[in-house]
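Student: Before I ask anything, let me first share the structure, which is written out below as structure tokens.
The values are calculated or read from the model by the stated rules, or taken from the named source; none is laboratory data. Keep in mind it's a predicted model, so treat the numbers as computed, not measured. Here the Cβ positions follow ideal geometry from the backbone for every residue, glycine too, while neighbour counts run over all protein chains shown. The protein model used for the area step is the full one, side chains on, heavy atoms only, and it has no ligands, DNA or RNA in it. Shrake-Rupley method; radii C 1.70, N 1.55, O 1.52, S 1.80 Å.
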Amino acid sequence: MSRISKNVILVVLTLTSSAFLLFQLYYYKHYLSAKNGSGLSKSKGSRIGFDGMQWRAVKKFIMLTSSQNVPVFLIDPLILELINKNFEQVKNTSHASSTSECKVFCVPRDFTTFALQYQLWKNEEGWFWIAENMGFQCLKIESKDPRLDWIDSLSGTEIPLHYICKLASHAIHLVVFHERSGNYLWHGHLRLKGHVDRKFVPFRKLQFGRYPGAFDRPELQQITVDGLDVLIPKDPVHFLEEIPHSRFIECRYKEARAFFQQYLDDNTVEAMTFQKRAKELLQLAAKTLKKLGVRFWLSSGTCLGWFRQCSIIPYSKDVDLGIFIQDYKSDIISAFQDAGLPLKHKFGKVEDSLELSFQGKDDVKLDIFFFYEETDHMWNGGTQAKTGKKFKYLFPKFTLCWTEFVDTKFRVPCETVEYIEANYGRSTTPGNEAAHPLRSGWRR
């Protein structure tokens, strides 16, 4: 084919693409506006609040995403709380029965927050172009994909994490959720690069992005709020409860690679069999405790394996979890027994130094340590099975974060270094995860 013919084809394709985008803009202005309530101001009676910038910005954003089939859903804490207070009334509202007063989307605020699942987004670049042509000023926040830090050739690959689209004085914060292997949703930290205008919006007021977060995958439902159709989590209360406890920390993939360069991974059949059984036991324990509504976290040697090498330590021979004593439930033993894990040991009592051990497959044991809180520290008790000697192990106070381990979402202490140092000392070396004398504590 001649060079002239190729140029002609290129010009035709460019013109066709431009015409298609212009058609979409026309479709938005003349069809979606009518469909989503552009004629609301023509209805009888006054419509209080519908001329506010908050409502107009949200309306325009919903029109944009609807026209592009972008599956966004509302996650704004303030708006979800307002909806939840009048949930039954809102759930039964339609366009025909909409009130004449804007009660939700017109409340004073700087942002309205939406989210989307990135794998469902098919036309990112086209959407961005149309948004700007509709009057939005948009900022795209990208950063490297932490899931690829294991792979030299892919580490550093950037993915979209946040969009902020401003219309006059109001901004839409679009949080990009990425699906993780544990069947949960993750969003990244909102870090501004050097060239970004810090005055673009009041970034410090953003509800999401101060740190990475992890959420259960929500089931969605469509409702009508202030004349606008929006998707929200079907259980808004659960989603709201997740927000303050959503902080996520990654396994230290680069440090784990360095560890295995210095200490070769144990690939013996025995080690691989134990790791497989330990993974199954962890996932079964997580499922059992989730049914009970009991918070727990990776503790002792299991936590050390996650922190140091992003895997189960092959010679640890057991799985360790921690639970706050205030989260203890009387049916916890029967729940594990019903799951096929018989009780092997019970040390202490609920009021003092409780510890439970359950027997898994192939002699892999699950140890659950219960933690007690004092004024300035936390502690858990330990008992040697053979001698009956009791120990009390002291920990600085800590909070809980989410992480991913063995393809599952687990909690770990956010202050991981301090937690592990309290458990094993400052110079943790291979093998110390099973050496209790290194733990900081005193014997009673």
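Student: Which of the trypsin sites (Lys or Arg not before Pro) found in the range 181-223 are in a DSSP loop and have at most 10 neighbouring Cβ atoms, other than their own, within 10 Å?
Tutor: Qualifying residues, ordered by number: Lys193, Arg198, Lys199.
Student: Amide H to amide H under 5 Å from Leu394: which residues, 5+ apart in sequence or cross-chain, H placed 1.01 Å off N in plane?
Tutor: Here the answer is Gly441, Trp442, since their amide H atoms fall under 5 Å of that of Leu394.
Student: Right, another one. For the range 183-198, in order, what is each residue's ³J(HN,Hα) by Karplus, 6.51 cos²θ - 1.76 cosθ + 1.60 with θ = phi - 60°, in whole Hz (x at glycine and Pro)?
Tutor: Karplus-based 3J(HN,Hα) across the range 183-198 equals 6, 9, 10, 10, 10, x, 6, 8, 10, 8, 7, x, 7, 6, 6, 5 Hz.
Student: Follow-up question, since we're still on this one. Compute the signed sum of charges (Lys and Arg +1, Asp and Glu -1) over the other residues within less than 10 Å, Cβ to Cβ, of Pro218.
Tutor: Around Pro218, the surrounding residues sum to -2.
Student: Apply 1/(1 + (r/R0)^6) to the Cβ-Cβ distance of Val107 and Ser181, taking R0 = 41 Å, and write down the FRET efficiency to the nearest 0.05.
Tutor: FRET efficiency, Val107 to Ser181: 0.60.
Student: Per residue, how much accessible area does the range 253-424 have with a 1.4 Å probe, in Å²?
Tutor: 45 Å²
Student: If Lys and Arg each add +1 and Asp and Glu each add -1, what is the summed charge of the other residues whose beta carbon sits under 14 Å from the beta carbon of Arg277?
Tutor: Surrounding charge for Arg277 is 0.
Student: I need the phi-derived Karplus couplings for the range 215-231: 6.51 cos²θ - 1.76 cosθ + 1.60, θ = phi - 60°, integer Hz, Gly and Pro marked x.
Tutor: With coefficients 6.51, -1.76 and 1.60, one gets 9, 4, 5, x, 7, 10, 9, 9, 9, 10, 10, 6, x, 10, 7, 9, 9 Hz.
Student: Assign unit charges at the C-beta atoms only (+1 for Lys and Arg, -1 for Asp and Glu), then state the dipole size of the range 253-424 relative to its Cα centre in Debye, rounded to the nearest 20.
Tutor: The dipole of the range 253-424 has a size of about 360 debye.
Student: Can I ask one more? Please list, in chain and number order, the residues 5+ apart from Phe50 or on another chain whose amide H is under 5 Å from its amide H, with Hs placed from the backbone.
Tutor: Cys102
Student: Shifting gears a bit: So in the range 106-174, what percent of DSSP beta bridges are antiparallel if you round to the nearest 5?
Tutor: Bridges in the range 106-174 are about 75 percent antiparallel.
Student: OK, next. Whole percent per 5 Å bin, from 0 to the bin with the longest distance: what is P(r) over all C-alpha pairs of the range 253-424?
Tutor: For the range 253-424, the pair-distance distribution reads 1, 8, 17, 22, 21, 17, 9, 4, 1, 0.
Student: Right, something else. Sorting check: for 81-88, 311-318, 400-407, which peptide has the highest mean count of neighbouring beta carbons within 10 Å, and how do the rest follow?
Tutor: Packing order, densest peptide first, comes out as 400-407, 311-318, 81-88.
Student: Moving to a separate point now. Please find the FRET efficiency linking Met53 to Gln221, where r is the Cβ-Cβ separation and R0 is fixed at 35 Å, and quote it to the nearest 0.05.
Tutor: In this case the efficiency is close to 0.80.
Student: Another one. Near the amide H of Leu400, under 5 Å away, which other amide H atoms are found, from residues 5 or more places off or on another chain, if H is placed in the peptide plane?
Tutor: Result for Leu400 returns Cys414.
Student: In the range 181-222, which chymotrypsin sites (Phe, Trp or Tyr not before Pro) fall in coil by DSSP and have 15 or fewer other Cβ atoms within 10 Å?
Tutor: The qualifying sites are Phe200.
Student: While we're here: What number comes out for the charge environment of Ser299, summing +1 per Lys or Arg and -1 per Asp or Glu over other residues with Cβ under 9 Å away?
Tutor: -2
Student: Which values of log₁₀ I(q)/I(0), to two decimal places, follow from the Debye formula for the range 290-354 at q = 0.16, 0.17, 0.25, 0.27 Å⁻¹ with a uniform point scatterer at every Cα?
Tutor: Rounded to two decimals, the profile gives -0.67, -0.75, -1.22, -1.24.
Student: Based on the mean of other Cβ atoms within 10 Å per residue, sort peptides 61-72, 138-149 so the most packed one is first.
Tutor: By packing density, highest mean first, the sequence is 61-72, 138-149.
Student: For the range 364-373, what does the Karplus curve 6.51 cos²θ - 1.76 cosθ + 1.60, with θ = phi - 60°, yield as ³J(HN,Hα) per residue in whole Hz, taken in order and with x for Gly and Pro?
Tutor: Calculated HN-Hα couplings, in order: 8, 9, 10, 9, 10, 9, 9, 9, 10, 9 Hz.
Student: How far, in nm, would the chain grow between Asp235 and Lys199 when pulled straight, counting 0.36 nm per residue and subtracting the alpha carbon separation?
Tutor: 9.4 nm
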